[in-house]
Amino acid sequence: ELNSEVVANAFFVEKQATDSERQQASDLLNEFSRRSDKFSYRFIDPELNRAQALKYDVDSYPMIVFESKSTGKIQGVKRFTEQDFVTGVLVSTDAQQKKVRFLTGHGEPTRTKDPMLQSVQENGFDYAIEGMQRDNYFVTPLNLKQFKSVPDDTAVLVITGPEKNLEKDEFEAIAEYMNNGGRILALFDPATPGGFNTLIARYGVMVGENMVADAVSNVAGEMLTPMLQKANGQFSTSAQTGVGVADQIGVTFFPEAGSVNALIPADDMPSHIKFKPIGITTPASWIETDPENPGFSEGELGGPFIIAGILEATGQVHESPSQAAAGNMTKVIIFADSDFATNKYFHSSDNADIYLNSINWLADDYELISIRPKLMPYRELVVNTREREFIRWSSWILPPSLMIVLGLIVWWRRR
């Protein structure tokens with residue numbers, strides 16, 4: 001969608017650059033040029049063409065400098081990934097990155113990376129922030145006690161696992177943002193503070209007080225960690241809801257998740273409010289009232305339950321259709337869990353993809369949904385309790401027993 005010419009100047013020293021590094025850059029640049037007739041590239045050896053290196057302020061190699069012919073602005077990148085190339089194009093053409101703000105000040109997870117050791121804490125939000133940045137969003141915290149309102153240029157407001165309630169001014173600031181057509185990703189744990197639940201209750205939904213247990217689809221026998229699987233039909237597709245957030249999602253899980261509950265029966269929901277499930281538990285799930293001793297008991301409510309859902313509304317529940325017709329479209333994606341987006345679980349299964357897909361959908365970047373490359377190969381073995389016990393005991397007993405038997409055989413043959 002470039003509307004002006006962009007040239008990528010790839011500075012590689014023939015004797016220094018590895019073949020794989022140059023090939024990676026060449027392949028990606030060629031792919032970019034195939035997508036737009038306004039994008040072109042050239043390779044320059046800075047040792048043979050020193051004047052060009054000085055012109056583009058290149059003092060280390062390899063480097064690719066993106067140059068916009070209309071603005072004259074340049075942007076150099078040293079990593080050869082699709083995300084870095086897109087950022088270079090955006091900066092050189094003066095295109096504005098969409099701003100994603102994540103709420104702070106209420107015990108929400110935030111950045112925890114140690115600048116010296118480069119280590120992160122399990123309950124931090126670092127990997128989610130890095131994921132949004134790789135999708136070329138400008139990600140920044142928002143403390144409403146400082147700013148008093150949600151800036152108008154906020155593409156998406158992320159609220160993750162708040163532990164303290166909103167103050168009156170903070171509530172009014174977020175409510176005004178929603179009334180003006182704001183986009184919110186709400187990751188609310190069970191028993192989330194009342195003010196946050198009230199924000200979405202005005203549109204007819206809320207997150208329940210208790211956790212959901214699932215006896216059939218869970219992680220390693222932990223019934224309070226529901227697992228959602230495409231093979232079980234637990235995700236809604238774009239064909240069903242018109243929303244493709246979960247189309248390419250295979251498996252996700254949500255530790256100690258609650259449920260997203262509609263406060264009004266579907267038939268009675270006002271026409272200007274639409275609530276659609278993204279992911280649900282199996283029918284063998286229930287609302288657990290005693291999380292210390294999970295197990296279905298008489299009187300507990302049975303499933304399935306909505307773990308994640310999409311809310312689209314032009315007005316609140318109490319407003320009439322005529323009043324709501326003049327309103328802006330508010331979009332909210334609600335997860336009844338925040339743990340899945342923390343550092344500990346973000347790269348497990350497809351947790352990262354469903355989180356980032358939700359951001360993409362809310363920011364109207366539909367072309368980004370489910371196409372991001374995997375940063376690292378991640379392999380995990382998901383087993384139930386019986387399988388886990390078999391693996392543990394067999395690993396403890398079989399290898400030593402085998403060694404003893406082999407030792408006896410060798411001793412018997414040599415004696």
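Counting only lysines at least 8 places from residue 164 when in the same chain, those with an alpha carbon closer than 18 Å to its own are 145, 148. Taking a ≥ b ≥ c as the square roots of the Cα gyration tensor eigenvalues, with a/c under 1.5 meaning rounded and otherwise prolate when a/b beats b/c, else oblate, which class fits region 237-352? Cα axes put region 237-352 in the oblate bin.
Residues considered: 310, 129, 64. Largest GNM mean-square fluctuation over the chain, using C-alpha springs under 10 Å, is found at 64. Split the accessible area of region 137-266 by element, probe 1.4 Å, and carbon with sulfur accounts for 48%. Here the extension length gained between residue 394 and residue 292 equals 33.8 nm, from 0.36 nm per residue of separation less the Cα-Cα distance. Take every Cα pair under 8 Å whose residues are at least 6 apart in sequence, average their separation, divide by the length of region 13-129, and the relative contact order is 15 percent. With a threshold of 19 Å on the Cα-Cα distance, the over-threshold entries among 78/98; 38/73; 99/168; 230/274; 38/69 are 78/98; 99/168; 230/274. For region 33-108, the per residue solvent-accessible surface stands at 54 Å², with DNA, RNA and ligands left out and a 1.4 Å probe.
On a per residue basis, region 217-319 carries 45 Å² of accessible surface, using protein heavy atoms and a 1.4 Å probe. On full extension, the segment bounded by residue 20 and residue 1 gains 3.9 nm, given 0.36 nm per residue less the C-alpha separation.
Using every pair of distinct Cα positions in the chain, the Kirkwood expression returns a hydrodynamic radius of 24.4 angstrom. Placing unit charges on the Cβ atoms only, positive for Lys and Arg and negative for Asp and Glu, gives region 14-94 a dipole magnitude near 240 debye about its Cα centre.
Mean residue ellipticity at 222 nm, helices only, the chain: -8500 deg cm²/dmol; runs of at least 4 DSSP H residues each add -39,500 (n - 2.57), and the sum is divided by the number of residues. A Cβ-based charge dipole, computed about the Cα centre of the chain with Lys and Arg at +1 and Asp and Glu at -1, lands at about 1420 debye. Highest GNM mean-square fluctuation among 180, 261, 49, for the chain modelled with Cα contacts below 10 Å: 49. The accessible area of residue 2, taken with all protein chains in place and a 1.4 Å probe, comes to roughly 50 Å².
Overall, the accessible surface of region 302-371 at a probe of 1.4 angstrom is composed of carbon and sulfur to the extent of 51 percent. Whole-Hz Karplus values for region 47-58 come out as 6, 8, 10, 4, 4, 5, 5, 5, 4, 9, 6, 8 Hz, taken residue by residue from phi with 6.51 cos²θ - 1.76 cosθ + 1.60 and θ = phi - 60°; glycine and proline positions read x.
In this simple spin-label approximation, residue 274 and residue 110 carry label points 7 Å from Cα along the Cα→Cβ vector, and these lie 3.7 nm apart.
Entry comment: accessible area of region 130-184 is 48 Å² per residue, from protein heavy atoms only and a probe of 1.4 Å.
The values are calculated or read from the model by the stated rules, or taken from the named source; none is laboratory data. As the structure is a computational prediction, the values presented were derived from the model and not from experiment. Cβ atoms come from the backbone with ideal geometry, glycine included; neighbour counts cover every protein chain shown. With ligands, DNA and RNA removed, areas are computed over all heavy atoms of the protein, side chains included. Shrake-Rupley method; radii C 1.70, N 1.55, O 1.52, S 1.80 Å.
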